[in-house]
Amino acid sequence: MRLFALLHQTEVISWTHWSVHPSTVIGILALAALYVWRAEVEGRQADASRLRARESIPFFLGLLVLFVSLNGPIHDLSDDYLFSAHMVQHLLLTLVVPPLLIAGTPGWMLRPALRSRIVARVARFLTRPFTCYAVFNLVIIAWHLPPMYNLAMASHGVHIFEHLMFMAAAVMMWWPLLSPLPELPRLAYPGQMLYSFLLSIPMSVVAVAIVYSSDLIYPAYADAPRVLPITPLQDQQLGGLIMWIPGGLIFVLIMTVVFFKWNARGEDSTAGAQVDWKPRTA
């Protein structure tokens, strides 16, 4: 407990004075610069589609959510005070940021990377639905095991690595639903429905285990100053509920969206779910 007690700051959380971490700013600016560079390079090609401003909005909105998640009150509460705030942060990093980044990245921006046979082969393996499902859930389960979670809380470098793994695995998880590349295709709509349903199960199991634990399984917050009138155990249970209910509802929302897209297109095939799909002419 003493080790974790040394990690907690004593200042009061402020919603107007933000703590900003240079490493996150550098990473976000690097992503933005890479995106703009790829848009300019491909835009100069005669056969390339120019990026429209409105098409890039989801990408930069994703970067904004990423910045808010890793800095300011959400970061401070997550790292130093509340397990429940940490679960909010994890949901943002896995279920909000990645789909925005994918939705804002057109396929022609990524396609040149597939010219390499090795890259294309690796990409096809990593974007298979089974691989995406397995990697995402293994990452989520592993990092919520008490030894791994407490290690991340005790080491800033490990904590950064954990968040990078979350985001990389989440991009993979979202790929069969949102792929902008027909070469690395989305699932057909019936498959997307089943995939989304199955995704909700492992996270819910982890959340239920946290909610119904009668012991404090994450001691990093035991000695933290109480910023809410709840005990560390109640905070842990609240975090599990956040992971369970809002996290589960997001997958219900995904299934709802997929159902209406499926109904609108009237296609059961894999081709009918791709970004370049066009209605059949009579």
In segment 153-188, which residue that is aliphatic (A, V, I, L, M) and not in a helix (DSSP H, G or I) is most open to solvent (accessible area, probe 1.4 Å)?
LEU187
Filtered residue count, segment 229-282, keeping only those that are among the polar types (S, T, N, Q), under 30 Å from ILE217 (Cβ atoms) and not in a helix (DSSP H, G or I):
1
Looking only at segment 40-59, and only at residues there that are buried (at least 16 other Cβ atoms within 10 Å of the Cβ) and either more than 22 Å from the chain's Cα centre (by Cα) or hydrophobic (A, V, I, L, M, F, W, C) (or both), the one that is modelled with the lowest pLDDT
ALA48
Please give the number of the condition LEU145 fails out of (1) surrounded by fewer than 14 Cβ atoms within 10 Å (Cβ to Cβ); (2) in contact with a Leu (Cβ under 7 Å, 6 or more places away or on another chain).
(2)
Among the candidates GLY266, GLY247, which residue alone is among the small types (Gly, Ala, Ser) and in contact (Cβ under 8 Å) with a residue 24 or more places away in the chain?
GLY247
I'd like to know if segment 114-133 contains one or more residues that are more than 30 Å from GLU42 (Cα to Cα), open to solvent by 40 Å² or more (accessible area, probe 1.4 Å), part of a helix (DSSP H, G or I) and not hydrophobic (A, V, I, L, M, F, W, C).
yes
Which of the residues belonging to segment 210-242 are within 23 Å of ASN137 (Cα to Cα) and open to solvent by less than 10 Å² (accessible area, probe 1.4 Å)?
ILE210, TYR218, GLN236, GLY239, GLY240
Somewhere in segment 88-96, is a residue part of a helix (DSSP H, G or I), farther than 15 Å from MET167 by Cβ and modelled with pLDDT of 95 or more?
yes
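The values are calculated or read from the model by the stated rules, or taken from the named source; none is laboratory data. Just so you know, these numbers come straight off a predicted model, no measurement behind them. Ideal geometry is used to build each Cβ from the backbone, glycine not excepted, and the neighbour counts take in all protein chains shown. All accessible areas refer to the heavy atoms of the entire protein, side chains included, with ligands and DNA or RNA removed. Shrake-Rupley method; radii C 1.70, N 1.55, O 1.52, S 1.80 Å.
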